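Below is one structure, written out as structure tokens; the observations come after it.
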Amino acid sequence: MRTPHTFIGGIGSFIPELVSVKSAVEQGLSPAENMTEHELEGAAVAGEIPAPEMGLRAARKAIERSGANPEDMGLLLYASSWHQGPLGWLPHTYLQHYLLGGESLAVEVRQGCSGMFAALELGAGYLQSSSGTQDVLLVAADNFGTPSANRWLMGHEFVHGDAASALVLTTEPGFAQLLSVSSQSIPEGEVLARGGQPLFPPDVSGDAPALSERFAKAFATPDPELEADLSSALDQVAGTIKHIADRTLAEAGIGLDDITCVSFINCSRSAVERRCMEPLGIPMSKAIWDFGVRIGHCGPSDQVLDLEHLVMNKRLAPGDYMLMFGGAPGFLFSAAIIKILDVP
């Protein structure tokens, strides 16, 4: 999707205190290979700070940096991948209550770790519509410290970190421009996330270690009735990754060699190389991974946190292009091209 006249006017984040993987290993919470083999350094841990509260803090920072007013927001899109609060409660209403008021349309985006990409696409579409005369606030927030979960065991080659991120999209020139954003699914891949489990009754246990084990079991001993679908999905992964990147670059009007850096989900260096850089055909020297191994995989916030980190530390300059790339269960792959216009 081409996104003409779509700018990033402000960016904000909330990253809580970091806990080292070494400390988690010493406490028996994390396997030693997270520190030795995978070279993970730590995770941001929010304790009892609710995800929507973190989102509110990130949103306030983004709006302040943009120079806009909360009432300028015509649309709020709230992305998350983990539990947010009481069952049946909508987390974006918290930001309406304490920041925006009730005039703007507010919607929760449940797109897993690609939630911010979906929000970018929907937000850009809103700005391009005839009614899109106001700014768009994008927020992502997750706290993985729920009682039934162990953030140190929830995935392979990553640990989960708590954080929130926010962007203000506007039609007025900002410090960066969103040139294009695209997503593509391999629908047969949903069988992996389903892992042979019944669809009803819904699982509300939030038992993430069991979820990770289910993924592993689905790979090792797939359901015979679903094995063909899983095999077909896995065969399509590398080609789909390359296709979605090529399409997003073409829509942005640039080539692969123009890319300054690539932001992927926050996982180990080797995983970034295997799962992202090699399929894209981009050298690891352009990968942003050193920040992510310190804070953990923060759900849909990873790529926005990388962008803020790079801008704040002057690692991007005007004219640089950043490729954001991500994925989510289902198999969903997403990409976006950001052009830096100014370093505030």
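The values are calculated or read from the model by the stated rules, or taken from the named source; none is laboratory data. Please read these numbers as outputs of a predicted model, since none were measured by experiment. Don't worry about glycine lacking a Cβ; one is built from the backbone with ideal geometry, like all the others, and counts go over all protein chains shown. Surface accessibility is based on the protein's heavy atoms, side chains included, excluding ligands, DNA and RNA. Shrake-Rupley method; radii C 1.70, N 1.55, O 1.52, S 1.80 Å.
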Coordinate range along principal axes, alpha carbons of the stretch 103-204, Å, largest first | 46, 30, 29
Can you tell me the alpha carbon radius of gyration of the stretch 120-167 divided by the globular rule-of-thumb value 2.2 N^0.38 Å?
-> 1.73
Grab the DSSP H runs of the chain that are 4 residues or longer, score each as -39,500 (n - 2.57), total them, divide by all residues and round the 222 nm result to the nearest 500 deg cm²/dmol.
-> -9000 deg cm²/dmol
Obtain the radius of gyration and the Kirkwood radius of the chain from its C-alpha atoms and give Rg over Rh.
-> 0.95
Counting alpha carbon pairs within less than 8 Å and at least 6 residues apart, what relative contact order, in whole percent, applies to the chain?
-> 25
Might you report the magnitude of the Cβ-based charge dipole of the chain about its Cα centre, with Lys and Arg at +1 and Asp and Glu at -1, to the nearest 20 debye?
-> 460
May I ask you to order 182-189, 121-128, 85-92 by the average number of other C-beta atoms within 10 Å around their residues, highest value first?
-> 121-128, 182-189, 85-92
Normalised per residue, the volume of the convex hull around the Cα set of the stretch 47-158 (Å³) | 118
19 Å reach of a label modelled at residue 156, 7 Å along Cα-to-Cβ, counting backbone N of the stretch 30-51 = 30-40
Within the set of other residues whose C-beta is less than 14 Å from the C-beta of residue 50, count the net charge using Lys and Arg as +1 and Asp and Glu as -1.
-> -3
In Å², what does the accessible area per residue of the chain work out to with a 1.4 Å probe?
-> 43
Between the stretch 22-40 and the stretch 88-137, the Cα center-to-center distance that results, in Å = 37
Looking at the chain, what % of its DSSP beta bridges pair antiparallel, to the nearest 5?
-> 70
Considering the chain as a Gaussian network with a 10 Å cut-off on Cα pairs, which listed residue, 168, 19, 159, attains the greatest mean-square fluctuation?
-> 19
